[in-house]
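Asker: Following this message is one structure expressed as structure tokens.
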């Protein structure tokens, strides 16, 4: 970011007018903070303003984020004006509370998951799942039943962390690295690295010193210091599970310092199944947690506008709304806005998805920006709710069936039929599957213990004409030559997983078959 843009955010006491911010990201109006004789002055400690030009220039060398955080930590030298009436003050707080929730929900969710993971395993240590995901997996939305997970929380602040992978013999495998703002930093896996395995040093680009690496160690650069590691190793049925686990037992994650000192890297731990659902704080406690998260992991430069707006309300690194000198009605409005946005997010996330599905033969196709959200904070919040840690589309994409071919939402009271015609099976280089979830994205127990259909699931039936027919209903069908996917008694959705999708999938020229209601 150039000096002029930095100065535009931080150089002037006129920042109280909010005119450098634009208020365009989420469609919220700008607060009316222009001084007038009818407005009463209130001092807000921590407002971004009045930084000397030399201080700004010097800080730019350290990165824009440093400027924002430095400014937010210092007391303001200008008065901050709020509307005179309590109703107007409360309205300003509500508007910002909603915007702060949309921006902060994925960040807080990342940290809640991190805290839960670190209760079971220390930093920089890998944990391997010992069984495929089932109905007990309630801690992650839309868990896949095709791969065994390997999870870790890592911190690159004290030096590189090393990942070692054995030869994978053609099996699909991947390690996804997600940063605290829930964007995907990158991958190590079959798509980029084949099956030969290897050793990688995960390096933080912000580290002060980078020592030479041992011979044969490859570099994986991360823009973030703290990362969530999500490994996936394909399992082709129960008989293959033991082979997959044997390979996974050879994964290693540890520090570069230990590797250089020839110390053995820690063996993977067993991943505790059925992580509990995270419970997020509400009201001002949500904003306090967001401020702490922004201090631990400074926002990227592209978030400069919203970071400045949040700071005006005492939200950000080193700040707390409750101690920022805000009028009581503004604080009340902030809390109300946070809680209102939290209550609205599920509906706001599902309605656009449903509308697209109805316009597309029943199928919703995720936006191409998933996993690389940029400043699309609305999409990022929706993705965090529906499936945090989602892959970028080049690694995998997930068309979701929400309605039948007539646009009526899927429900277990009915029977449905899908037909993949010969030559029309999903064109992927990894694997594909069709998984049943309830309307909230969780697996539901069934007597057959069948949650997905696909070539890597045992017993998938292909007819003599080359077609694959899938019947979706509660009762086992009497028809021969079909694949039964049991449905729950209420509403549900079908997720089509397409790993290493072909160009025809990404361009939309290949489309999944419609889900036809047959009873």
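Asker: Could you calculate the contour length gain from residue 115 to residue 238, that is, 0.36 nm times the residue separation minus the distance between their Cα atoms, to one decimal place in nm? Each step should come with its number before you reach the end.
Answerer: Numbers: separation 123, 0.36 × 123 = 44.28 nm, distance 3.20 nm.
Additional length available on full extension: 41.1 nm.
Asker: Can I ask one more? Sketch the reach of a paramagnetic label on residue 406 as a point 7 Å from Cα along Cα-to-Cβ, and name the residues of the stretch 413-456 whose backbone nitrogen lies under 15 Å away.
Answerer: Backbone N within reach: 413-417.
Asker: Determine, for each peptide in 251-260, 351-360, the mean count of other beta carbons within 10 angstrom over its residues, then list the peptides with the highest first. Mind showing how you got there, number by number?
Answerer: Working: 251-260: 19.3, 351-360: 15.4.
Highest to lowest by the protection proxy: 251-260, 351-360.
Asker: Tell me the label-point distance for the pair residue 414, residue 260, using the 7 Å Cα-to-Cβ offset, in nm and rounded to one decimal.
Answerer: 6.3 nm
Asker: How much length is gained if the chain between residue 323 and residue 447 is pulled fully straight, taking 0.36 nm per residue apart and subtracting their Cα-Cα distance, in nm to one decimal?
Answerer: Fully extending the segment from residue 323 to residue 447 adds 39.2 nm.
Asker: Then there's this: Obtain the nm distance between the two label points defined at residue 351 and residue 208 by a simple spin-label model: each point lies 7 Å from its Cα along the Cα-to-C-beta direction.
Answerer: For the pair residue 351/residue 208, the computed spacing is 5.2 nm.
Asker: Given a Förster radius of 22 Å and the C-beta distance between residue 295 and residue 340 as r, what FRET efficiency does 1/(1 + (r/R0)^6) yield to the nearest 0.05? Can you show the working numbers first?
Answerer: Numbers: r = 26 Å, r/R0 = 1.17.
The computed FRET efficiency comes out at 0.30.
Asker: A further question follows. Could you calculate the contour length gain from residue 169 to residue 223, that is, 0.36 nm times the residue separation minus the distance between their Cα atoms, to one decimal place in nm? Write down the numbers at each step before the final one.
Answerer: On the way: separation 54, 0.36 × 54 = 19.44 nm, distance 3.10 nm.
Between residue 169 and residue 223, full extension yields an extra 16.3 nm.
Asker: Now for a separate question. Which value results for Rg/Rh of the stretch 81-240 when Rg is the Cα radius of gyration and Rh the Kirkwood radius based on the inverse mean 1/r?
Answerer: Numbers: Rg = 20.1 Å, Rh = 18.2 Å.
Result: Rg/Rh = 1.10.
Asker: Mind jotting down the distance between the C-alpha centroids of the stretch 300-328 and the stretch 208-264, whole Å?
Answerer: 37 Å
Asker: I need the calculated FRET efficiency for the pair residue 461 and residue 424, taking r as the beta carbon distance and R₀ as 22 Å, to the nearest 0.05.
Answerer: On the way: r = 16 Å, r/R0 = 0.73.
After rounding, the FRET efficiency stands at 0.85.
Asker: Can you give the log10 of the normalised intensity I(q)/I(0) at q = 0.15 Å⁻¹, computed with Debye over equal Cα scatterers of the stretch 399-517?
Answerer: For the stretch 399-517 at q = 0.15 Å⁻¹, log10 I(q)/I(0) is -0.65.
Asker: Considering the zone a paramagnetic label at residue 504 would reach in this model (a point 7 Å from Cα along the Cα-to-Cβ line), which residues of the stretch 443-461 have amide N under 20 Å from it?
Answerer: 454-456
Asker: Counting pairs of alpha carbon atoms under 8 Å apart in space and at least six apart in sequence, what relative contact order in percent does the stretch 399-517 give? Kindly include the intermediate steps, with their values, before the conclusion.
Answerer: Numbers: 237 pairs, mean separation 52.1, N = 119.
This gives 44 percent for the stretch 399-517.
Asker: Which order results if 191, 422 are arranged by neighbouring Cβ count within 10 Å, fewest first? Don't jump to the answer; show the numbers that get you there.
Answerer: Details: 191 17, 422 12.
Ascending number of Cβ neighbours within 10 Å: 422, 191.
A short reminder: the numbers here are calculations on the coordinates, not readings from a lab. Just so it is clear, the structure is predicted and the values come from calculations on it, not from any experiment. With ideal geometry, Cβ positions are generated from the backbone for all residues, glycine too; neighbour counts draw on all protein chains shown.
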